[in-house]
């Protein structure tokens with residue numbers, strides 16, 4: 001069985017239906033698509049899909065053979081678990097509950113959570129405590145549903161390393177909580193990649209492949225829309241560490257090409273990423 005390699009929904013044309021998106025991914029040789037439920041109204045509305053809408057997507061998965069094993073749930077930017085507002089805090093839990101139910105219905109195994117206590121609000125010891133309390137509650141729901149929650153290493157200092165995630169993991173103490181690292185985000189913060197993966201390799205649910213520009217004293221960095229090979233990720237070194245730590249999980253190409261003017265332009269951008277990454281993956285013995 002070859003290692004599964006998938007593509008992020010936001011790399012595919014936004015105008016596509018889900019069946020078209022899965023067919024597009026299949027045409028380009030991917031094994032799966034990662035769904036996005038971000039803070040926009042249209043994508044948050046997926047949490048309220050009818051049974052018929054959910055069943056239509058399940059049928060498309062079975063008929064195309066392209067899975068949707070994970071959801072990138074960044075809706076918690078808008079409704080963070082650590083919010084100072086009781087109303088927003090309640091909404092964060094409601095969206096989390098609905099996302100777990102959607103994952104159950106679609107057969108999704110992993111929900112990636114944004115590693116923010118709050119995003120648009122001021123951080124404090126209280127927002128951290130509230131985040132941990134509500135994450136514990138979310139993990140209880142996930143355990144009952146047999147759906148894994150995995151925290152992304154972020155573009156934010158709150159959880160910008162696997163080491164910081166491991167402190168959260170210890171505090172929450174749930175068998176259904178994992179980490180979902182991002183090669184670009186890990187690199188942008190100048191983390192020691194060798195130490196990061198050796199400390200956390202048993203807690204990794206999946207991995208985003210992405211490039212970034214580093215955070216410096218003069219720059220806040222750039223965490224998206226950086227072409228593979230143009231950023232700060234040491235790709236041969238990254239893949240060598242993944243090989244040494246025996247990472248057997250999937251790779252997900254995280255890109256934002258959904259608003260390209262034509263489908264051909266989107267396809268060209270994705271193929272450029274494949275042409276850059278695939279030889280490096282094969283050379284490292286990670287195919």
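The values are calculated or read from the model by the stated rules, or taken from the named source; none is laboratory data. Quick caveat: nothing in here was measured; it's all calculated off a predicted structure. So basically every Cβ, Gly included, is an ideal-geometry build from the backbone, and we count neighbours across all protein chains shown.
Of all residues in segment 163-181, those satisfying the criterion of being surrounded by 23 or more Cβ atoms within 10 Å (Cβ to Cβ) and under 11 Å from residue 115 (Cα atoms) are 165, 179, 180, 181. Checked against (1) surrounded by fewer than 13 Cβ atoms within 10 Å (Cβ to Cβ); (2) modelled with pLDDT of 95 or more, residue 218 passes all but condition (2).
Applying the criterion of being touching a strand residue (DSSP E or B) at 6+ places or on another chain (Cβ under 6 Å) and assigned to a loop (DSSP other than H, G, I, E, B) to the residues of segment 177-211, the residue that is farthest from residue 11 (Cα to Cα) is 205.
If I ask for residues that are surrounded by fewer than 18 Cβ atoms within 10 Å (Cβ to Cβ) and either at negative phi or in a helix (DSSP H, G or I) (or both), which ones from segment 54-65 would you list? If you could, list the steps in order and put the result at the bottom.
So in segment 54-65, the residues surrounded by fewer than 18 Cβ atoms within 10 Å (Cβ to Cβ) come out as 54-56, 58-59, 62-63, 65.
Across segment 54-65, the qualifying residues are 54, 55, 56, 58, 59, 62, 63.
Table: residues versus (1) out of contact with any strand residue (DSSP E or B) (no Cβ under 8 Å at 6 or more places or on another chain); (2) over 14 Å from residue 210 (Cα atoms).
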{"site": "238", "(1), (2)": "yes, no"}
{"site": "251", "(1), (2)": "no, no"}
{"site": "265", "(1), (2)": "yes, yes"}
{"site": "268", "(1), (2)": "yes, yes"}
{"site": "274", "(1), (2)": "no, no"}
{"site": "278", "(1), (2)": "yes, no"}
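Among the residues of segment 245-261, the ones that are farther than 20 Å from residue 152 by Cα, touching a helix residue (DSSP H, G or I) at 6+ places or on another chain (Cβ under 9 Å) and either without any contact (Cβ under 8 Å) to a residue 12 or more places away in the chain or surrounded by 19 or more Cβ atoms within 10 Å (Cβ to Cβ) (or both) come to 1 in all.
If you filter segment 252-287 down to residues that are over 18 Å from residue 24 (Cβ atoms) and outside any helix (DSSP H, G or I), you find that the one that is modelled with the lowest pLDDT is 287.
Being within 18 Å of residue 155 (Cα to Cα) and under 18 Å from the mean Cα position of the chain (by Cα) is the filter here, so list the residues in segment 73-110 that pass it. Lay out the reasoning, then the answer.
Here is the first cut: in segment 73-110, the ones within 18 Å of residue 155 (Cα to Cα) are 73-82.
Listed by number, the residues that qualify are 73, 74, 75, 76, 77, 78, 79, 80, 81.
Report, by residue number, each residue of segment 38-54 that is more than 11 Å from residue 99 (Cα to Cα) and touching a helix residue (DSSP H, G or I) at 6+ places or on another chain (Cβ under 8 Å). Result: 38, 39, 43, 51, 54. Number of residues in segment 1-53 that are under 29 Å from residue 247 (Cβ atoms), assigned to a loop (DSSP other than H, G, I, E, B) and out of contact with any strand residue (DSSP E or B) (no Cβ under 9 Å at 6 or more places or on another chain): the value is 2.
Is it true that residue 127 is over 20 Å from the mean Cα position of the chain (by Cα) and closer than 19 Å to residue 164 by Cα? Yes.
Selection over segment 10-30 of residues that are crowded, with 22+ Cβ neighbours inside 10 Å and either within 12 Å of residue 68 (Cα to Cα) or modelled with pLDDT under 95 (or both) gives a count of 4.
Would you say residue 225 is crowded, with 22+ Cβ neighbours inside 10 Å, within 17 Å of the chain's Cα centre (by Cα) and assigned to a loop (DSSP other than H, G, I, E, B)?
On the way: crowded, with 22+ Cβ neighbours inside 10 Å: no; within 17 Å of the chain's Cα centre (by Cα): yes; assigned to a loop (DSSP other than H, G, I, E, B): yes.
Taking the combined requirement at face value, the residue does not satisfy it.
Criterion first (buried (at least 20 other Cβ atoms within 10 Å of the Cβ), closer than 21 Å to residue 23 by Cα and in contact (Cβ under 8 Å) with a residue 24 or more places away in the chain) does residue 68 satisfy it?
Values: buried (at least 20 other Cβ atoms within 10 Å of the Cβ): yes; closer than 21 Å to residue 23 by Cα: yes; in contact (Cβ under 8 Å) with a residue 24 or more places away in the chain: yes.
Here the answer is yes, as residue 68 does meet what is asked.
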